[in-house]
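The values are calculated or read from the model by the stated rules, or taken from the named source; none is laboratory data. Remember, it's a predicted structure, so these values are computed and weren't measured experimentally. Positions of Cβ are backbone-derived with ideal geometry, glycine not excepted, and every protein chain shown enters the neighbour counts.
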Amino acid sequence: MSDLHDRRQYRVLHRTAYTYDLPVTSSYGRACLRPRPQHSQTLLEHTLTIDPVPQVTDETRDLFGNFTHYLEIHTEHERFEVVKESVLDVQWPEVDLDALDEHTVGGAAAVLRQDASLDPMEHALYTLPSAHVQLSEEVRRFAETAIPAGRPLGEAIASLYHQIYTDFTYTKGATTVNSTLPELLTTKAGVCQDFAHLAVACFRAAGLPARYVSGYIETTPPSGRPKLAGSGATHAWVSVFTPGAGWVDLDPTNDHLADSRYIVTAWGRDFRDVSPLRGVIFTDATKSSLSVGVEVTRLDQ
């Protein structure tokens, strides 16, 4: 087994702060910050510190099984900060892409329509278009070229993340949260969120369930390895459901499958479902600023 699939332990510190030029009188928010337990990770510790302290808090699970915090603050404030700290054991299994070549892309899509291991609701949620993953003509043409129906499935998965990695440039500021996939296909520049949305769109256009995954990757690379794009911030990648192997996670921003450097917070249809923090405020402020800091520290070295 590759050392990238060895067990690792991480501490994640994620700090978000908003400042306003005039006081906020009320704030209503929802946070998606607690990492979810899954086959690749175990959550050992988790704290969420909020300033000012909310008058109302509640934690539930959303439609996708993610942890979500509801917050109400009625204390007047000009600064709002949320600090999340988590400790996790992480170990991702290796995926045998060659074994997936038993099916073609089109054949796998046909098999999954009858696959009892995937709930029909999940199949629909992750195959239909969503707010940030619209299956326009341009997207469908790109998908048909990138992962044609007759291509072996494992080969298609590797080809897709490699093509996005090579054909598109990682450029901060090239897109916004409202940028569309046709715009990305024209500019060929964006960030991990954009590349994940494009890969998700390609799989869905081919009839394969795919979800958008939000989390982190190890900030400090092992000796001799380059720093990964997207480290020091939240990261996004893709998970596609396959016959036999189930969900397979891949990272088109960094040109490989997910491994034990990857920490999952949440997943959904697209970014809108897993935004770390969102809400509504009541204020006369006309200016605000946002600062976000992420530290991913390996504890077992």
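Identify, please: which residue in segment 1-33 is among the basic types (K, R) and part of a strand (DSSP E or B) and is, among those, nearest to E81 (Cα to Cα)? Restricting to residues being among the basic types (K, R) and part of a strand (DSSP E or B), the top hit is R15. Among the residues of segment 84-102, just one is touching a Ser or Thr at 6+ places or on another chain (Cβ under 8 Å) and within 21 Å of P148 (Cα to Cα), namely L100. So is V53 at pLDDT 95 or above and assigned to a strand (DSSP E or B) or not? No, not satisfied. Among the criteria (1) farther than 25 Å from A124 by Cβ; (2) modelled with pLDDT under 95, the one T166 does not fulfil is (2).
So which residues in segment 63-108 are of a type in the set (A, V, I, L, M) and either under 30 Å from A156 (Cα atoms) or not in a strand (DSSP E or B) (or both)?
Once the filter is applied, which keeps residues that are of a type in the set (A, V, I, L, M) and either under 30 Å from A156 (Cα atoms) or not in a strand (DSSP E or B) (or both), segment 63-108 yields L63, V90, V95, L97, A99, L100, V105, A108.
Put simply, of A108, A99, A116 the only residue that is surrounded by 14 or more Cβ atoms within 10 Å (Cβ to Cβ) and under 19 Å from G246 (Cβ atoms) is A108.
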